[in-house]
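Comments concern the structure below.
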Amino acid sequence: MFLKSAPGIFNTVTFRLTLWYVILFTMLLLVVFGITYITLSKNLVMRMDEGLANEIIEFEISYKAQGINGLKNQIELEIESEGKDRIFIRLMDLQKEVIESSDMSTWGNVPAPEGMEKLSMDEAMFETLRIPGNGEHHVRVISKRITQGYILQLGSSMHDDEELIGVFNRIAATSVIVLLISCSTMGWFMARRAMSGVERVTRIAEGIGKSDLTSRVPLGDEGEEIDNLARTFNDMLERIQEAVTELKDVTNNIAHDLRSPLTRIRGIAETTMTGLQNIDEYREMAGIIVEESDGLVSMINVMLDIAMTEAGVRGKELSNVDMRRLMKKAYEVFRTIAEYKGVFLRTNITTEPLIVRGDLSQLQRMISNLLDNAIKFTPNGRSVTLGLAADRSHTIISVTDDGIGIPEQDLPRIFERFYRGDQSRTTPGNGLGLSHVQAIVHAHGGKIKAESSPGKGSIFTVILPLCSGRTTA
């Protein structure tokens with residue numbers, strides 16, 4: 001909650017990554033040093049217990065071999081060797097009365113062991129005691145019954161071991177501080193390096209906000225994820241730039257195509273207003289205006305339909321459409337139109353039903369536009385062939401004509417909105433038919449291609465995915 005509301009650097013991803021890195025590293029260090037501390041402490045205690053056990057066995061052997069006098073001599077030798085401040089030895093009976101003891105002046109009142117009567121001759125009792133007046137260090141004490149009536153107690157200061165633990169703790173604390181500082185610096189450097197690619201994307205995005213669409217995010221060496229982000233962002237910029245360029249072209253074309261009929265309408269109105277101004281002149285003017293307005297409305301409706309189809313927001317009434325039946329209906333409709341122009345309309349349609357999942361009205365519009373184009377640009381006496389076939393997973397629709405063909409330089413642009421080649425400028429139209437066809441094909445998950453040779457004709461091929469089910473067309 002604090003980080004979300006904190007200003008400046010504390011609210012950056014770099015700081016948060018560094019903070020989490022430091023936290024995880026600190027936890028790991030504490031676990032490692034904690035395990036090492038516990039292991040070291042246990043090993044030191046085990047080593048001391050082993051030494052005390054061996055010592056008390058020696059005293060026990062001496063007592064059994066030489067009696068109480070031999071034990072006293074052994075105690076005196078041990079004290080002289082180790083020092084009275086480092087070790088103490090006491091021999092007691094079961095009533096806790098001291099029979100023999102080393103100098104206890106520096107050890108204070110060491111309590112007698114409790115519960116010794118419950119132990120067997122082979123068992124020993126270990127205790128860690130803090131004796132008042134004996135400094136800050138602990139004492140490790142072993143108590144063992146050496147005969148049925150005596151208890152031998154041996155204690156040794158843990159001064160050296162605890163000093164070693166203290167040195168370890170100081171080294172560990174210093175190491176943790178040094179490692180945390182190093183870890184923080186390294187974590188900050190690594191986080192900054194990892195986020196440098198994001199910063200590059202941010203700078204380019206800021207440039208986009210200032211209408212700079214020419215810049216691209218340079219690739220770095222931060223890692224595959226950042227490179228993928230940069231490539232994706234650059235691809236997005238390419239598409240945006242293409243879309244903006246296309247939008248400018250479309251806007252210019254729309255302005256040109258709207259200006260021509262509007263200019264004609266205005267010219268007719270001005271001519272009529274300055275002419276004889278009889279009822280027949282006004283009727284003719286109104287008829288021409290209505291005709292031009294219908295053309296404008298039709299063009300605008302087609303543009304809206306293309307835009308909605310490409311954006312995927314046009315409401316689709318999907319159904320299983322039998323393309324064979326749809327093609328036959330299209331043939332019946334356009335046969336009369338072709339005959340009127342003197343063009344022979346032929347079919348090469350498979351006899352098997354080919355089912356496509358799609359919008360019936362849109363698919364009808366697609367075929368109608370292709371047939372209308374083919375008949376429009378095919379001279380009198382030549383033919384247009386409507387074909388339908390299929391492979392294992394696709395239906396293949398073809399419209400082949402023996403018309404004027406498309407020049408090679410125009411072929412790559414025929415699906416652009418408002419594009420009209422030199423040969424088509426004298427033919428009525430607005431250059432939206434093939435753009436509409438392409439939008440419908442793409443909306444149905446298909447592909448369209450065009451092949452043409454000037455003077456020999458053109459072939460338009462549409463490939464749509466097949467499906468199975470009942471037909472509703």
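Quick notes on this one:
- Fewest-first ranking of Thr400, Thr336, using other Cβ atoms within 10 Å as the exposure measure: Thr336, Thr400
- Given R0 = 41 Å, the distance between the Cβ atoms of Val31 and Val98 translates into a calculated FRET efficiency of 0.30.
- With contacts taken as Cα pairs under 8 Å and at least 6 residues apart, segment 318-465 reaches a relative contact order of 24 percent.
- Mean separation of Cα contacts under 8 Å (6+ apart) over length of segment 2-163, as relative contact order %: 18 percent
- Close amide H pairs (under 5 Å, H built 1.01 Å from N) link His138 with Met158, residues at least 5 positions away or on another chain.
- Cβ crowding within 10 Å ranks Ile397, Ile300, Ile406, Ile165 as Ile300, Ile165, Ile406, Ile397, fewest other Cβ atoms first.
- Burial ordering of Phe25, Phe126, fewest other beta-carbon atoms within 10 Å first: Phe126, Phe25
- Modelled spin labels at Thr147 and Thr271, positioned 7 Å past Cα toward Cβ, are 14.7 nm from each other.
- Lys pairs under 16 Å by Cα in segment 56-189, provided they are eight or more residues apart or on distinct chains: 6
Coordinate-derived values only; no laboratory data. Just so you know, these numbers come straight off a predicted model, no measurement behind them. Note: ideal-geometry Cβ built from the backbone for every residue, glycine included; neighbour counts use all protein chains shown.
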